[in-house]
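Student: Got a structure for you, written out below as structure tokens; questions coming shortly.
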Amino acid sequence: MASPSHAPPDHGADSVETRSPELRKDPVTNRWVIFSPARAKRPTDFKSKSPENPNPKPSSCPFCIGREQECAPEIFRVPPDDDPNWKIRVIENLYPALSRNLETQSNHQSATVTSRSIVGFGFHDVVIEAPLHSIQLSDIDPVGIGDVLIAYRKRIEQVAKHDSINYIQVFKNHGASAGASMSHSHSQIMALPVVPPTVSSRLDGTKDYFDETGKCCLCEATSKHFVIDESSHFVSVAPYASTYPFEVWILPKDHSSHFHHLDDVKAVDLGGLLKLMLQKIAKQLNGPPYNYMIHTSPLKVTESQLPYTHWFLQIVPQLSGVGGFEMGSGCYINPVFPEDVAKVLREVSLT
């Protein structure tokens, strides 16, 4: 990410024809990105080719209120205590990628990073974000979205008590082409016995930046050229070396390593900014399918790692596929500069 002192000049959003390709390396993802505006039209012309309209309610959606018995076992609901008028439910995934029943075997097996195979112990849960099929996350008010975020936090705190768990990933797939198998608004939580390589690479990149500058690169990521909007405790940015077109990150303004340290007040504040970003993306890009991911730190980070680990929420609209070059090289091509994205999204009016 660029610090304010390294911010690029303010190119207009309509000046694509005059821009030259540029390679940028992001210390957060530890990845090179090629920005090639010649491969696209103006940033304001980006639209989803397959917008995800809310699907009509199928004849039998197990996530809808009144069909609770058709789901996998419930972990908890909001409000609690078996309230039939629930707002949020956290349940086990009916088709989990990992098994919560293998903990005993996992405890008897070393899960070091040099292991080539370990027992597939872990947790894979679903967060049903609303009781009604017609409600999308962006339809919910900031307090309600805050409640969803607090449900994530509560479940992370529960799962983190298991010694074998090392990393917890919260993510949302919205739309079939973004990976959602159910059209009812929901997100997922996966708790892993290992730290994934992308997370390790992120720690390496942010450590290198910290060793070089003495600063957290995400604390430095708020140059005016990249900021879209902000709330009391969070700021949304188009990241300096964004991997995907119209990618948005939401960052805590105060340095924080773990998402699950989010308090209730900040959860509502984040809920409001997340709602705003999802609405702006939907309006500007014709309601695209999207993913969001909460990138937090491993549960067992050391005290020395805390100064350069900073959690954030990443939103990726699904506007283009990943090709052979990206898969083969790990280097991505983005047809739109993030400073242009920030300018376009700042100017989106929701009134």
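Student: What are the residues in segment 23-38 that are in contact (Cβ under 8 Å) with a residue 60 or more places away in the chain, in contact with a strand residue (DSSP E or B) (Cβ under 6 Å, 6 or more places away or on another chain) and in a strand (DSSP E or B), if any?
Tutor: If the condition is that a residue be in contact (Cβ under 8 Å) with a residue 60 or more places away in the chain, in contact with a strand residue (DSSP E or B) (Cβ under 6 Å, 6 or more places away or on another chain) and in a strand (DSSP E or B), then Arg24, Lys25, Trp32, Val33, Ile34, Phe35 are the ones that fit.
Student: Is it true that Val301 is out of contact with any Asp or Glu (no Cβ under 8 Å at 6 or more places or on another chain), on the phi < 0 side of the Ramachandran plot and modelled with pLDDT under 95?
Tutor: yes
Student: Applying the selection to segment 162-193, what residues are charged (D, E, K, R) and under 25 Å from Arg116 (Cα atoms)?
Tutor: Asp163
Student: Then there is this: Working only within segment 234-251, note down all residues that are in a loop (DSSP other than H, G, I, E, B) and polar (S, T, N, Q).
Tutor: Listed by number, the residues that qualify are Ser242, Thr243.
Matching residues to (1) at pLDDT 95 or above; (2) more than 30 Å from Lys283 (Cβ to Cβ); (3) open to solvent by 20 Å² or more (accessible area, probe 1.4 Å):
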{"residue": "Ser106", "(1), (2), (3)": "no, yes, no"}
{"residue": "Ser110", "(1), (2), (3)": "no, yes, yes"}
{"residue": "Phe121", "(1), (2), (3)": "no, yes, no"}
{"residue": "Glu129", "(1), (2), (3)": "yes, no, no"}
{"residue": "Asp141", "(1), (2), (3)": "yes, no, yes"}
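Student: Return the residues of segment 217-233 that are part of a loop (DSSP other than H, G, I, E, B) and either surrounded by 22 or more Cβ atoms within 10 Å (Cβ to Cβ) or within 17 Å of the chain's Cα centre (by Cα) (or both); say none if nothing qualifies.
Tutor: Listed by number, the residues that qualify are Cys217, Leu218, Ala221, Phe226.
Student: Name the residue that is modelled with the highest pLDDT, counting only residues in segment 170-204 that are closer than 18 Å to Asn93 by Cα and surrounded by fewer than 16 Cβ atoms within 10 Å (Cβ to Cβ).
Tutor: Residue satisfying both the conditions and the ranking: Phe171.
Student: Considering only residues that are touching a Phe, Trp or Tyr at 6+ places or on another chain (Cβ under 9 Å), within 26 Å of Met190 (Cα to Cα) and of a type in the set (A, V, I, L, M, F, W, C), which ones fall in segment 282-307?
Tutor: Selection gives Met293, Ile294, Leu299.
Student: Another question about this same structure. Condition test on Asp254, is it open to solvent by 10 Å² or more (accessible area, probe 1.4 Å) and assigned to a strand (DSSP E or B)?
Tutor: The answer is no for Asp254.
Student: Here is a follow-up. Go through the residues of segment 326-348 one by one and say whether even a single one is within 17 Å of the chain's Cα centre (by Cα), open to solvent by 40 Å² or more (accessible area, probe 1.4 Å), polar (S, T, N, Q) and within 22 Å of Thr198 (Cα to Cα).
Tutor: No, segment 326-348 contains no residue that is within 17 Å of the chain's Cα centre (by Cα), open to solvent by 40 Å² or more (accessible area, probe 1.4 Å), polar (S, T, N, Q) and within 22 Å of Thr198 (Cα to Cα).
Student: Would you point out the residue of segment 275-292, among those that are surrounded by 20 or more Cβ atoms within 10 Å (Cβ to Cβ) and farther than 17 Å from Thr351 by Cα, that is nearest to the chain's Cα centre (by Cα)?
Tutor: Among them, the one singled out is Tyr292.
Student: Then there is this: Looking at (1) within 30 Å of Lys161 (Cα to Cα); (2) of a type outside the set (Ser, Thr, Tyr); (3) buried (at least 23 other Cβ atoms within 10 Å of the Cβ), which one does Val237 not meet, given that it meets all the others?
Tutor: Among (1) within 30 Å of Lys161 (Cα to Cα); (2) of a type outside the set (Ser, Thr, Tyr); (3) buried (at least 23 other Cβ atoms within 10 Å of the Cβ), the lone unmet condition for Val237 is (1).
Student: Return yes or no: is Gln284 part of a helix (DSSP H, G or I), within 29 Å of Met182 (Cβ to Cβ) and not acidic (Asp, Glu)?
Tutor: It is true that Gln284 is part of a helix (DSSP H, G or I), within 29 Å of Met182 (Cβ to Cβ) and not acidic (Asp, Glu).
Student: Could you check Phe171 against (1) hydrophobic (A, V, I, L, M, F, W, C); (2) under 19 Å from the mean Cα position of the chain (by Cα); (3) more than 24 Å from Ala72 (Cβ to Cβ) and say which number it fails?
Tutor: Looking at each condition in turn, Phe171 falls short on (3).
Student: Let me ask something additional. Could you list all residues from segment 257-276 that are assigned to a helix (DSSP H, G or I) and under 25 Å from Tyr308 (Cβ atoms)?
Tutor: Phe259, His260, His261, Lys266, Ala267, Asp269, Leu270, Leu273, Leu274
Student: Being within 20 Å of Asp26 (Cβ to Cβ) and of a type outside the set (A, V, I, L, M, F, W, C) narrows it down to one residue among Ser232, Ser187, Ser200, Ser177; which is it?
Tutor: None of the other options fit; the residue is Ser200.
Student: Please verify whether segment 225-248 includes one or more residues that are under 19 Å from Arg153 (Cα atoms), aromatic (Phe, Trp, Tyr) and touching a residue at least 12 places away in the same chain (Cβ under 8 Å).
Tutor: yes
Student: Go through (1) among the aliphatic types (A, V, I, L, M); (2) closer than 27 Å to Gly323 by Cβ; (3) modelled with pLDDT under 80; (4) open to solvent by less than 70 Å² (accessible area, probe 1.4 Å) for Val33 and report which single condition fails.
Tutor: All conditions pass for Val33, except number (3).
The values are calculated or read from the model by the stated rules, or taken from the named source; none is laboratory data. Quantities reported herein were computed from a predicted structural model and do not represent experimental measurements. Virtual Cβ from ideal backbone geometry, glycine too; neighbours counted across all protein chains shown. Calculation scope for accessible area: heavy atoms of the full protein, side chains included, ligands and nucleic acids excluded. Shrake-Rupley method; radii C 1.70, N 1.55, O 1.52, S 1.80 Å.
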